[in-house]
Amino acid sequence: MRGPQLMTYKVSLQDNQRQFEVQEDETLLEAALYQEIGLPYGCQSGGCGACRARIVSGEVEYDYDPPALSEREKAEGYALLCQARPRSDLVIQVEELPDHHAIQVRNMPVRVERREQLCHDVMALWLRLPKGEAFEYLAGQYLDFLLRDGRRRSFSIANSPAEFRRTGLLELHLRHVPEGSFTAHVFNEMTDRAMLRMEAPLGGFYLREDNERPIVFMAGGTGFAPIKSMIEHALERKLDRPMHLYWGVRARRDLYMSDLAEQWQAKNPSLRFTPVLSEATEEDQWPGKRGLVHEAVAEDHPDMRDLDVYMSGPPVMIQAASKQFSSQGLPDGQLHYDSFDYAYQTWPDKEASTG
Ligand SMILES: Cc1cc2nc3c(=O)[nH]c(=O)nc-3n(C[C@H](O)[C@H](O)[C@H](O)COP(=O)(O)OP(=O)(O)OC[C@H]3O[C@@H](n4cnc5c(N)ncnc54)[C@H](O)[C@@H]3O)c2cc1C
């Protein structure tokens, strides 16, 4: 319920003339999603920058300086919609996500149908939804587990929507984070048939099918999960676009589903797979690419003007790649990413507000 006595401001999207209202205590993103205006976002904690927008006119304020917004960007009129609160009517410039309306964010219990350890530090979970519940998502989106103490943990859905419709199961790939409370629980204590609560689908990281450009997919570690969903979706839809998947991990043992990626490549002439190891060991006897995955992409694609790039994984990879790819001509609108931030931990107001 929205409070009646708070100031309400009007936000206009410059490019398509749509408007929505936002109260002084809401973030622009919260208000937009509440009113079913699909704006891009990722971590929802100011850490990833996926919700960056240009303030054409008006004033916003932050509780904290969001880490993903530099002073320079602020001075140039940019804002992060997941943290910015209005202090006047606003006109903003940002891409509205077209498919958003069809898809409803749901909050529901899920049951762990199966767990399988995919490698030394990655566990796959398959979740079953309550019988009769309709659920839809776009390939690449993620879910939040709502934990009992009020905290949330985000994980990308790793199977395609069509596969979910066939099996009724959502697949996740969870990396065991050292000292990580939730992933330690999943690895050490969780039993099959455990019940969890999720909010989903979330995020603006999904495959755009409205153009014919070749696609580069770049995954870091379990960043493979949403990319797997997108590639399965693209192959099911018989998308006629060249696709090149780069998957960066430390050592060979971290390539937890390389057989699947090899199969995609063997069966689909339009798809290439390049694994890249950053810390290959001697026993890996690695014949392939070495180094940082975004450097391998950059080297293979010196001119990125006519590519679409989808990338997901650790924040350091996302930041370094965004900079590098932009310097090689990749337009902002052709770069899509999910940064696996974990900033909910470090933002006290978020902790409080989800509690
Ligand atoms: C949109 C989105 C999608 C995501 N999808 C996936 C996914 O598909 N698979 C997956 O494995 N992860 C994914 N993540 C990351 C995952 O949500 C976090 O790693 C989560 O915090 C782990 O929960 P935890 O309770 O085990 O660790 P926490 O208790 O949250 O963290 C414990 C400590 O480890 C640090 N930490 C937490 N996560 C990481 C990390 N990833 N790298 C380095 N240090 C970390 C924290 O700062 C803290 O100090 C995603 C994140 C986002 C924002």
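Computed over the chain with a Gaussian network model linking Cα atoms closer than 10 Å, the most mobile of L143, L196, L245 is L196. Since only W264, T281, G46 are under comparison, the one whose Cα sits farthest along the positive direction of the charge dipole of the chain, derived from C-beta charges on Lys, Arg, Asp and Glu, is W264.
For the range 125-279, averaging the sequence separation of C-alpha pairs within contact (under 8 Å, six or more residues apart) and dividing by the residue count gives a relative contact order of 24 percent. Relative contact order of the chain, taken over Cα pairs closer than 8 Å and 6 or more residues apart, is 15 percent.
At a threshold of 8 angstrom on Cα-Cα distance, excluding pairs fewer than six apart, so keeping six or more, what relative contact order does the range 215-339 reach in percent? Once normalised by length, the contact order is 29 percent. Helix by helix through the chain, keep the DSSP H runs that span 15 Å or more along the axis on Cα and average at least -1.0 on Kyte-Doolittle, and give those back in order. Result, helices passing both filters: 224-236, 315-327. Run the accessible area of the range 8-99 with a 1.4 Å probe and give the carbon-and-sulfur part as a rounded percent. That fraction is 41 percent. Taking each DSSP H run with n ≥ 4 as -39500 (n - 2.57) and averaging over every residue of the chain yields -6000 deg cm²/dmol at 222 nm. Its Cα centre serving as origin, the chain has a Cβ charge dipole (Lys and Arg +1, Asp and Glu -1) of approximately 840 debye.
Can you give me the accessible area per residue for the chain, using a 1.4 Å probe, in Å²?
Accessible surface, normalised per residue, equals 48 Å².
Tell me the carbon and sulfur percent of the accessible area for the range 215-339, rounded to whole percent, probe radius 1.4 Å.
47
With N the number of residues in the chain, Rg(Cα) / (2.2 N^0.38 Å) evaluates to 0.99. Counting only the heavy atoms of the protein chains, how much of E71 is accessible to a 1.4 Å probe, in Å² to the nearest 10? Using a 1.4 Å probe on the heavy atoms, I get roughly 120 Å².
Taking every protein chain into account, the 1.4 Å probe leaves F20 with about 10 Å² of accessible area, to the nearest ten.
The values are calculated or read from the model by the stated rules, or taken from the named source; none is laboratory data. As the structure is a computational prediction, the values presented were derived from the model and not from experiment. Cβ sites come from the backbone with ideal geometry, for glycine too, and all protein chains shown count toward neighbours. Quick note on the areas: whole protein, heavy atoms, side chains included, nothing else; ligands and nucleic acids left out. Shrake-Rupley method; radii C 1.70, N 1.55, O 1.52, S 1.80 Å.
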